[in-house]
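K.L.:
Here you go, one structure.
The values are calculated or read from the model by the stated rules, or taken from the named source; none is laboratory data. In this text the structure is predicted, and so the values were computed from the model without any measurement. All Cβ positions, glycine included, derive from the backbone under ideal geometry; neighbour counts span all protein chains shown.
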Amino acid sequence: MGKIRVMKRQEPLGWRSCLVVLGAAGVSLVLSGILLGLQDRPPLTAMVILFQGAFGSAWAIEDCLIKAVPIYLCSLGVAVAFRLQIWNIGAEGQFALGAVGATAAALYFPDLSWFLLLPGMALAAFLAGGFWGLIPALLKIHMRANEIIVTLMMNYIAILFLDYLVYGVWKDPASFGFPMTPTFSESAIVGRIGDTNLNWGLALCAVCGLLVWVFFRYTLLGYELKASGENVRAARYARLPYERLVILVMVLSGALAGWAGFIEASATLNRLQPSIMVGYGYTAIVVAWLARLNPLYIGLASFLLAGLRVGVENLQLELQVPAAFGQIMEGLILLTVLAGGFFTEYRLRLRPRP
Amino acid sequence: MIMKRIVLLALAMVLAWQPAAAEEKSNEKKNIKIGFIYVSPVGDAGWSYAHNEARKAIEAMEGVETSFVESVPEGPDSERVMLNMARKDFDLIFATSFGYMDPMLKVAKRFPDTVFMHCSGFKTAPNMGNYFGRMYQARYLSGMVAGAMTRTDTLGYVAAFPIPEVIRGINAFALGAQSVNPEAKVRVVWTKTWYDPATEKEAAKSLLDVGADVIAQHQDSPGPQEAAQQRGVYSIGYNTDMSQFAPEAHLVAPVWNWTPFYKEIVRQVKAGSWESKSYWWGLEKEIVDISPISDKVPADVRKKVLDKKADIIADTFTVFTGPIKDQQGKVRIPEGKSAADAELLGMDWFVEGVIGTTK
């Protein structure tokens, strides 16, 4: 009979950490299967249906990519802030403000041609989202306000502001009193890529992801950011401009979430309405953690999470599994993958009794 | 299971392969697949529950197969869900929330052979009709009960969103209450949620704190009912008979009964006689009704309410008949006139005696 000892790993796991993640995902799938079995649903068939619904056809993959776009941009945004250990929980509000900014441009300049209007909307979304990120940054620096609380509270303000506009001044007179703006003009709608259902928001994701990666990897500023994130006091000692870095990441973070709002309003809804808010800003936090703040992994995690959500709809349609099951699966996956993270840092060792 | 599905699919394809001439003769369908899309979970005793009960009823019909997806947000997600139903060869799709209107319109354009029915909206297409019920008639009756039972003359109304459907219901409720108790006031709180038990319960408590002693609701959760039960005051349910959640408090509930309507549409689609139309049925077709009135309500009040219901059914009484003033005292519907349907569908003002704003 031995005793189990927890030991910190001396060397990083490297490629084997992939195995840990896969193992964790496997465990969560098995647990989900057991849950399905308890509800008298055939677990294996259910998993096949889930998989087919998410990735089993060209249009399913298209659907997942479309859904992954706003998750990716929000998540990339919060990851930038998290790198500096700034806990931006406000992607939801920054997303709302971005959608509001883009909509303002679309509604006030409907007659501009697309090559002026779309960049204008993107700029407006960038400024509005960035502004919403700037406020908590300034409050943190000048008044030592906790950014977690401030960004969280500002989400509610942003959503209520969006509601105020859509129920009031921006309401479409032809909507029978229902809260929605008029449909955007053609030139304010982000187009589709070729014959697919995919929109150019996907390209925006790729460009932003690449830029963020290059920024952290190859620029001095990116290096300073990472260093400050590792140890704030050391960074201050090294005279790194911590305050300015906080402002930079919060504005960038907000602007990226704002762009997600821009793409959602323009490409998928073609207008602004309250139902644009479905919690991508909160999902983003989960995704950023699952992906360990790496732009490429965030892309993968966004796609897989979108796939899970799309696949669960198929599961509902075929086996009438409750919608809550999707959330349970999401929770299980998050839990097991994060718990699995323990094994990439530590290892267990069986020590024989002396 | 999968094998069976493949065989069925192959069989369906063989069956679908008919000579063109035969197809031209009739659009009759022996077997149809029907999809429902719901905004909230079906187990909530509310809006989606009522639709789902009707879904179960039509599934018992011959040659009808149904399925549903629940808790679908009203944005782009709903478009994908409907798209997938159409891709999977569903013949008829019911979308049961207002926000599904534009997504459904987009999908309908891409699948001209599928029949789409949208609940509570106003847009149609050659293969997309819409439907709703005159819930305000039942709300008026429930308002009569509330007006007769209040002692503080203050009725609380926990409401979802300031859209015409909800505003119309509040107005009808207030008019009903005032018809038996001219002093009755209706205080409105907006939750901006359709289904959020905790928020809706809190909203009800805030109304109780300002003196309301009957709580009515336009919400899909029984939260407000529970709040009324805990404080020992009365409540008016909604969607379905909610007396099980608040046995002491519950007086009556305006309820939905979608079964007759869904059966009618299924029959039409099967017979190939379906046409794109807008349906707005009322008490006379039983699509809306009130649940049994509680014994706590005096017999004479109950009789009065049921008499009024008979009048509405016989079309000798119309709820929105003038003179009706708005909150500022301005006459909106002149004496001797009834509001036209277009006016009701776009209603964005409160009647006199309602305390709250429509913003």
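K.L.:
Output the residues belonging to region A:49-69 that are at the interface with chain B (Cβ under 9 Å from one of its Cβ atoms), part of a helix (DSSP H, G or I) and either under 23 Å from residue A:288 (Cβ atoms) or of a type in the set (Gly, Ala, Ser) (or both).
P.N.:
Scanning region A:49-69 gives A:53, A:60, A:63, A:66, A:67.
K.L.:
Which one of these does residue B:111 not meet: (1) in contact with a strand residue (DSSP E or B) (Cβ under 8 Å, 6 or more places away or on another chain); (2) within 14 Å of chain A (Cβ to nearest Cβ); (3) closer than 30 Å to residue B:28 by Cβ?
P.N.:
Against the list (1) in contact with a strand residue (DSSP E or B) (Cβ under 8 Å, 6 or more places away or on another chain); (2) within 14 Å of chain A (Cβ to nearest Cβ); (3) closer than 30 Å to residue B:28 by Cβ, residue B:111 comes up short only on (1).
K.L.:
Report whether or not residue B:81 is touching a strand residue (DSSP E or B) at 6+ places or on another chain (Cβ under 7 Å), surrounded by 22 or more Cβ atoms within 10 Å (Cβ to Cβ), assigned to a helix (DSSP H, G or I) and not assigned by TED's automatic domain parsing to the domain that holds residue B:351. Quick ask: steps written out before the conclusion?
P.N.:
Details: touching a strand residue (DSSP E or B) at 6+ places or on another chain (Cβ under 7 Å): yes; surrounded by 22 or more Cβ atoms within 10 Å (Cβ to Cβ): yes; assigned to a helix (DSSP H, G or I): yes; not assigned by TED's automatic domain parsing to the domain that holds residue B:351: yes.
Answer is yes for this residue.
K.L.:
Would you call residue B:100 out of contact with any strand residue (DSSP E or B) (no Cβ under 8 Å at 6 or more places or on another chain) and crowded, with 23+ Cβ neighbours inside 10 Å?
P.N.:
On the way: out of contact with any strand residue (DSSP E or B) (no Cβ under 8 Å at 6 or more places or on another chain): no; crowded, with 23+ Cβ neighbours inside 10 Å: yes.
When the stated conditions are applied, residue B:100 does not pass them.
K.L.:
Also, I was wondering about something else. Among the residues of region A:55-77, what is the count of those that are more than 19 Å from residue A:312 (Cβ to Cβ) and charged (D, E, K, R)?
P.N.:
Total meeting the criteria: 0.
K.L.:
Is it the case that region B:284-300 has a residue that's part of a loop (DSSP other than H, G, I, E, B) and closer than 30 Å to residue B:123 by Cα? Talk me through it step by step, then tell me what you get.
P.N.:
If we filter region B:284-300 for residues that are part of a loop (DSSP other than H, G, I, E, B), which is where we start, we get B:286-287, B:291-298.
Imposing the further condition that a residue be closer than 30 Å to residue B:123 by Cα reduces the set to B:286-287.
Yes, because at least one residue in region B:284-300 is part of a loop (DSSP other than H, G, I, E, B) and closer than 30 Å to residue B:123 by Cα.
K.L.:
For region A:199-239, name all the residues that are without any contact (Cβ under 8 Å) to a residue 12 or more places away in the chain, in a helix (DSSP H, G or I) and small (Gly, Ala, Ser).
P.N.:
A:203, A:206, A:222, A:234, A:235 - these are the residues of region A:199-239 that are without any contact (Cβ under 8 Å) to a residue 12 or more places away in the chain, in a helix (DSSP H, G or I) and small (Gly, Ala, Ser).
K.L.:
So residue B:113 passes all but one of these: (1) among the charged types (D, E, K, R); (2) within 23 Å of residue B:271 (Cβ to Cβ); (3) without any contact (Cβ under 8 Å) to a residue 12 or more places away in the chain. Which condition number does it fail?
P.N.:
(3)
K.L.:
Of all the residues that make up region B:162-171, how many are more than 14 Å from the chain's Cα centre (by Cα) and at pLDDT below 95?
P.N.:
Residues flagged as more than 14 Å from the chain's Cα centre (by Cα) and at pLDDT below 95 within region B:162-171 amount to 1.
K.L.:
To continue, here is another question. Taking region A:151-185, which residues are in contact (Cβ under 8 Å) with a residue 60 or more places away in the chain, assigned to a helix (DSSP H, G or I) and away from chain B (no Cβ under 12 Å)?
P.N.:
Of everything in region A:151-185, those that are in contact (Cβ under 8 Å) with a residue 60 or more places away in the chain, assigned to a helix (DSSP H, G or I) and away from chain B (no Cβ under 12 Å) turn out to be A:151, A:152, A:154, A:155, A:157, A:158, A:161.
K.L.:
For region B:118-130, indicate whether the set of residues that are of a type in the set (Ser, Thr, Tyr) and either in contact with a strand residue (DSSP E or B) (Cβ under 8 Å, 6 or more places away or on another chain) or crowded, with 24+ Cβ neighbours inside 10 Å (or both) is non-empty.
P.N.:
Applying the first criterion (of a type in the set (Ser, Thr, Tyr)) to region B:118-130 yields B:120, B:124.
Next, only the ones that are either in contact with a strand residue (DSSP E or B) (Cβ under 8 Å, 6 or more places away or on another chain) or crowded, with 24+ Cβ neighbours inside 10 Å (or both) stay: B:120, B:124.
The answer is yes; a qualifying residue exists.
K.L.:
Between residues in region B:343-355 that are of a type in the set (Asp, Glu) and residues that are assigned to a loop (DSSP other than H, G, I, E, B) and buried (at least 19 other Cβ atoms within 10 Å of the Cβ), which pairs lie under 7 Å by C-beta distance while being six or more apart or on different chains?
P.N.:
Close Cβ pairs (under 7 Å, with a partner that is assigned to a loop (DSSP other than H, G, I, E, B) and buried (at least 19 other Cβ atoms within 10 Å of the Cβ)) amount to B:348/A:177; B:348/B:358.
K.L.:
Could you check residue A:269 against (1) more than 9 Å from chain B (Cβ to nearest Cβ); (2) at pLDDT 90 or above and say which number it fails?
P.N.:
(1)
K.L.:
Since residue A:194 meets every condition but one in (1) of a type outside the set (S, T, N, Q); (2) surrounded by 14 or more Cβ atoms within 10 Å (Cβ to Cβ); (3) more than 11 Å from chain B (Cβ to nearest Cβ); (4) on the phi > 0 side of the Ramachandran plot, which condition does it not meet?
P.N.:
Answer for residue A:194: the failing condition is (2).
K.L.:
On the given criteria, is residue B:90 closer than 23 Å to residue A:322 by Cβ, part of a strand (DSSP E or B) and either modelled with pLDDT under 95 or assigned by TED's automatic domain parsing to the domain that holds residue B:121 (or both)? It would help to see each step written out before you state the result.
P.N.:
Values: closer than 23 Å to residue A:322 by Cβ: yes; part of a strand (DSSP E or B): no; either modelled with pLDDT under 95 or assigned by TED's automatic domain parsing to the domain that holds residue B:121 (or both): yes.
Against the criterion (closer than 23 Å to residue A:322 by Cβ, part of a strand (DSSP E or B) and either modelled with pLDDT under 95 or assigned by TED's automatic domain parsing to the domain that holds residue B:121 (or both)), residue B:90 does not qualify.
K.L.:
Among B:184, B:174, which is assigned by TED's automatic domain parsing to the domain that holds residue B:332, within 21 Å of the chain's Cα centre (by Cα) and farther than 14 Å from residue B:235 by Cβ?
P.N.:
On the way: B:184 fails: within 21 Å of the chain's Cα centre (by Cα).
Result: B:174 is the single residue among B:184, B:174 that is assigned by TED's automatic domain parsing to the domain that holds residue B:332, within 21 Å of the chain's Cα centre (by Cα) and farther than 14 Å from residue B:235 by Cβ.
K.L.:
I would also like to ask the following. Quick check on residue B:201: is it more than 21 Å from residue B:294 (Cα to Cα), within 22 Å of the chain's Cα centre (by Cα) and not in a helix (DSSP H, G or I)?
P.N.:
Numbers: more than 21 Å from residue B:294 (Cα to Cα): yes; within 22 Å of the chain's Cα centre (by Cα): yes; not in a helix (DSSP H, G or I): no.
Judged against the criteria, residue B:201 is not a match.
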